[in-house]
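The values are calculated or read from the model by the stated rules, or taken from the named source; none is laboratory data. Fair warning: this is a prediction, and the values are worked out from it, not measured in the lab. Quick reminder, even Gly has a Cβ in these numbers, built from the backbone with ideal geometry, and neighbours come from all protein chains shown.
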Amino acid sequence: MSLPHQLPNAVVPQDAVLPADASPIDATILNEYRDMAGDGASAFLATLIDEYLADAPSLMTRIKDAVERADLPALKLAAHSLKGSSRTIGARRLADLAEAMEAIARNATCVGAAPLIIALDAELERVQPALRVEQARPVSRRAAC
């Protein structure tokens, strides 16, 4: 993919830089869903994760295509969608990176988008298997207050 509009580096949010061994998923968010869904938690989380895993790669493709075409409105929309769905599923770093991409589009430029695409791809590669592990995790019932 040729991205002629880019500078060699992008502004990546400092809180998006995590240690390599840090989990890409904030388990507290998924545990809140488990608590709220009660007996239907396994089915609810399976559906939520399945939908995310189906949609996120498509959103990444839309982001890449928008950068390639310098289509800023499409870039903003795709990045915004990835940001929201990633926050919902607990993929905070991926959401932060998508937010940075959204900011690039909001600033009416594609400058800095190429390194963010690389970072987004890498983080999505970490998120997908982590979500599959979470999806397979049994729901443990916490004691009610």
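Details
- Members of segment 63-113 found to be within 30 Å of Glu32 (Cβ to Cβ) and of a type in the set (Gly, Ala, Ser), listed by number: Ala78, Ala79, Ser81, Gly84, Ser85, Ser86, Gly90, Ala91, Ala95, Ala98, Ala100, Ala103
- Flag for Ser58 being surrounded by fewer than 15 Cβ atoms within 10 Å (Cβ to Cβ) and of a type in the set (S, T, N, Q): yes
- Here Arg69, Arg126 are screened, and the one residue that is on the phi < 0 side of the Ramachandran plot and surrounded by fewer than 17 Cβ atoms within 10 Å (Cβ to Cβ) is Arg69.
- Residue ID - nearest to Ala130 (Cα to Cα), chosen from residues in segment 28-40 that are touching a residue at least 40 places away in the same chain (Cβ under 8 Å) and within 22 Å of the chain's Cα centre (by Cα): Leu30
- Any hit, segment 110-117, residues being within 27 Å of Leu48 (Cα to Cα), among the hydrophobic types (A, V, I, L, M, F, W, C) and assigned to a helix (DSSP H, G or I): yes
- Residues that are farther than 15 Å from Asp55 by Cβ and buried (at least 17 other Cβ atoms within 10 Å of the Cβ), drawn from segment 72-89: Leu72, Leu75, Lys76
- Residue within segment 91-109 that is touching a helix residue (DSSP H, G or I) at 6+ places or on another chain (Cβ under 7 Å), surrounded by fewer than 19 Cβ atoms within 10 Å (Cβ to Cβ) and under 26 Å from Ala136 (Cα atoms) present: no
- Test: residue in segment 131-144 that is buried (at least 16 other Cβ atoms within 10 Å of the Cβ), modelled with pLDDT of 95 or more and either in a helix (DSSP H, G or I) or not polar (S, T, N, Q) (or both): yes
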